[in-house]
Amino acid sequence: MSAPPVEDTRAIALVDLLDRLLGTGVVIAGDVVISLAGVDLVEVSLRALIRTVEEDSHE
Amino acid sequence: MAEQGRYLYAVCRGLTPEAVDGIAGLGGGRLSLVAEGDLVALVSPVDLDEYGEEGLRSNLERLDWLEEAARGHDAVVQAAAAIAPTAPTRLATIFLDDEGVRRRLREREDAITAALDRVEGHEEWSVKVLTRVPDAEPEPVPVASSGAEYLRRKRQEQEDRSAGDRDAHVAAEKVHEALVTVVAASRRLPPQDPRLAGHQGTMVHNVAYLVHRDRSDDFVTLVHEQSDAYPEVVVDARGPWPPYSFAMLDEA
């Protein structure tokens with residue numbers, strides 16, 4: 001493999017972005033609206049992602 | 001018209017409205033700033049049919065929706081982080097009105113200020129270390145002559161693989177030890193699922209590093225050196241990004 005070890009790019013791969021947006025960040029729960037726990041969000045999104053990947057690979 | 005909520009992207013210090021001129025909020029909503037003391041929250045109106053609890057529950061299951069929301073959120077955070085200390089929020093942090101946003105800024109002022117102090121002038125870099133998958137096709141192996149032979153080979157393959165993983169873990173720790181000398185902080189993230197990330201090999205290291213802008217060049221140079229020093233692994237560094245992994249409050 002000859003790809004350079006450093007990619008200077010601000011475009012973040014979706015999986016890296018979701019790692020961050022769903023797992024960390026200032027934790028400020030909205031007033032009432034969000035009662036989903038962070039963990040639920042991660043699981044929900046990963047289920048969605050994995051299902052899509054599986055659907056793609058069956059095509 | 002459906003009821004509207006306020007979607008919070010990030011909390012900043014010293015951000016002026018011009019900074020986000022020309023950047024649209026999620027769903028095309030207009031971005032605005034809600035100030036409280038030294039803190040400025042970056043918000044836009046969203047439809048509660050889509051972003052309320054019920055809507056989110058189903059929308060988060062749809063990858064196209066999730067991706068659009070994550071990208072839209074990121075675009076706003078990137079614009080803010082380029083010019084002001086920025087503490088990004090989680091995806092889908094929604095308040096009923098601006099007063100709710102202000103109240104929360106007051107309640108969390110100390111923790112948010114500490115987070116902003118920590119990340120001011122810094123950027124986040126991601127470094128992953130993976131086992132190297134051989135480029136060459138494996139030599140064709142004759143069919144096992146017996147069940148015992150087959151099992152022996154399976155065991156050997158397994159042992160080779162775990163030895164490779166062990167070596168990769170050692171290399172990853174060496175890389176990490178070198179990189180932490182120029183960073184302000186680091187945070188380990190779980191290795192990613194190859195089905196999501198699309199990588200080959202085993203991801204043995206997935207770490208976010210908080211790097212001062214003045215040390216970016218040093219950091220990149222070090223990554224190159226470390227990558228050369230440990231050819232048995234793949235070192236994959238990306239950035240610079242807003243400090244997503246370092247701006248969270250202490251109580252999660």
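No value in this document is a laboratory result; all are computed from the given coordinates. Just so we're clear, the structure is a prediction, and the values are computed from it rather than from any experiment. In this analysis, Cβ positions are derived from the backbone assuming ideal geometry, glycine residues included, and neighbour counts consider all displayed protein chains.
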### Query
Does the stretch B:21-45 hold any residues that are in a strand (DSSP E or B) and farther than 23 Å from B:Arg108 by Cα, and which are they?
B:Ala24, B:Arg30
### Task
Residue by residue through the stretch B:16-54, note down the ones that are within 13 Å of chain A (Cβ to nearest Cβ) and among the acidic types (Asp, Glu).
B:Glu36, B:Asp47, B:Asp49, B:Glu50, B:Glu53, B:Glu54
### Task
Select from the stretch B:59-91 the residues that are buried (at least 20 other Cβ atoms within 10 Å of the Cβ), over 16 Å from the mean Cα position of the chain (by Cα) and facing chain A (nearest Cβ under 7 Å) and list them in ascending order.
B:Leu60
